[in-house]
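Please read the structure below before turning to the comments.
The values are calculated or read from the model by the stated rules, or taken from the named source; none is laboratory data. None of these values were measured; they are calculated from a predicted model. FYI the Cβ positions are ideal-geometry reconstructions off the backbone, even for glycines, and counts take in every protein chain you see. Note: areas computed on protein heavy atoms with side chains; ligands, DNA, RNA excluded. Shrake-Rupley method; radii C 1.70, N 1.55, O 1.52, S 1.80 Å.
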Amino acid sequence: MASSDTDKSRLDDAARAGWLYFIAGNTQDEIAKKLNVSRPTAQRLVSLAVSERLITFRLDHPIAACLELAARLTARYGLLYCDVVPTDPDSTSSTLGIAQSTAAFIEQKLRSEKPIILAVGTGRALRAAVEQLPRLTCPLHDVVSLIGNISRDGTASFYDVLSRLADLTQARHYPMPLPIFATSPEERELLLGLDAVKKVRSLANRADVTLVGVGQIDAQAQLHVDGFITREELMDMIRMGAVGEVAGWAFNADGQILDGGTNRTLMSVPHQVPAQRLIVGVAQGSAKIEAIRAALKGRILSGLITNEATAQALLG
């Protein structure tokens, strides 16, 4: 109990130090005096406030260069929505910036007084975005998954989005009660015939907003790295011309969904191509440029959240 009280007190101090530094604009010397601690302790408390996510940030000033890139992407690909965030040249993160932007986008949609259906895929970028959300109370809205979270051997992905989103928003939520891939096309048809699955797919098809990651199909394909498809299946898809996937659906460089390979056993909700609703891809990085470009070219996506460097490459 004493340890718990000590931890709570330290977090209280960290929150106070974080508020004094980031909100009230105090220097670390001023914080040390106000909290009656040493300057190194004040510095550690501010760092703790950041690492424990007691302080979150949102950039409200539009950056002209990012706005111009977003406008050019919108014009070139006929997008309904586009947001381009700054790039940190030294960062190797695949989610920095786009996670915060996506979280702001989700929050804005879920604060609507009109009930909406929000459909989500899975993966690193979307999970990082959900982790940036504040706690909300959204009983009027429905959130539904486009894709399952379980591999053929029963193991689950670390990057499930729906359960965390539901926990943070208290929205009604509808998980896809299926593995990502069936063991055969015949098993796929059998499982898709279940009433519960039909209801989830029907809801997803009526979504007002859909958020998806964009995965590359290469040696580092997330579907393979995370154990959802075998190396043989991956190589087969590459031989067929696959360059990327959205919610598991593999497509070629022209953005055409492939008829064969792992698409024959995939259980996720199929895409309507060209996209007729707001379907926003969330992705950035040099490894994903070919996949993002193909998804935009094929009108698999009608929206995009990415960073400056990726946007420039897509327009180059």
Item to complete: Grab the helices (runs of 4 or more DSSP H) fully contained in segment 198-316, keeping just those with 1 or more residues being closer than 21 Å to Thr102 by Cα and open to solvent by less than 20 Å² (accessible area, probe 1.4 Å).
Response: 289-297, 308-315
Response to the item:
By residue number, the members of segment 96-119 that are in contact with an Asp or Glu (Cβ under 6 Å, 6 or more places away or on another chain), at pLDDT 95 or above and within 27 Å of Gly285 (Cβ to Cβ) are none
Practice prompt. Return yes when Asp160 is at pLDDT 95 or above, of a type in the set (D, E, K, R) and open to solvent by less than 50 Å² (accessible area, probe 1.4 Å) and no when it is not.
Written response: no
Worksheet, complete the sentence: When segment 127-149 is checked residue by residue, the ones that are under 12 Å from the mean Cα position of the chain (by Cα) and open to solvent by 10 Å² or more (accessible area, probe 1.4 Å) are Arg127, Ala128, Glu131, Gln132, Leu133
Practice prompt. Output the number of the condition that Arg53 fails; it satisfies all remaining conditions of (1) touching a strand residue (DSSP E or B) at 6+ places or on another chain (Cβ under 9 Å); (2) open to solvent by 70 Å² or more (accessible area, probe 1.4 Å).
Written response: (1)
Item to complete: Could you check how many residues of segment 204-246 are within 20 Å of the chain's Cα centre (by Cα) and aliphatic (A, V, I, L, M)?
Response: 12
Fill in: Failed criterion for Arg44 (all others in (1) surrounded by 14 or more Cβ atoms within 10 Å (Cβ to Cβ); (2) touching a residue at least 24 places away in the same chain (Cβ under 8 Å) hold)
(2)
Practice prompt. Considering only segment 104-126, state which residues are among the aliphatic types (A, V, I, L, M) and either more than 25 Å from Val225 (Cβ to Cβ) or surrounded by fewer than 21 Cβ atoms within 10 Å (Cβ to Cβ) (or both).
Written response: Ala104, Ile106, Leu110, Ile116, Ile117, Leu118
Worksheet item: Being under 20 Å from the mean Cα position of the chain (by Cα) and closer than 23 Å to Val144 by Cα, is that true of even one residue in segment 255-264?
Response: no
Item to complete: Considering every residue within segment 64-71, establish whether at least one is closer than 30 Å to Arg293 by Cβ, modelled with pLDDT of 90 or more and among the charged types (D, E, K, R).
Response: yes
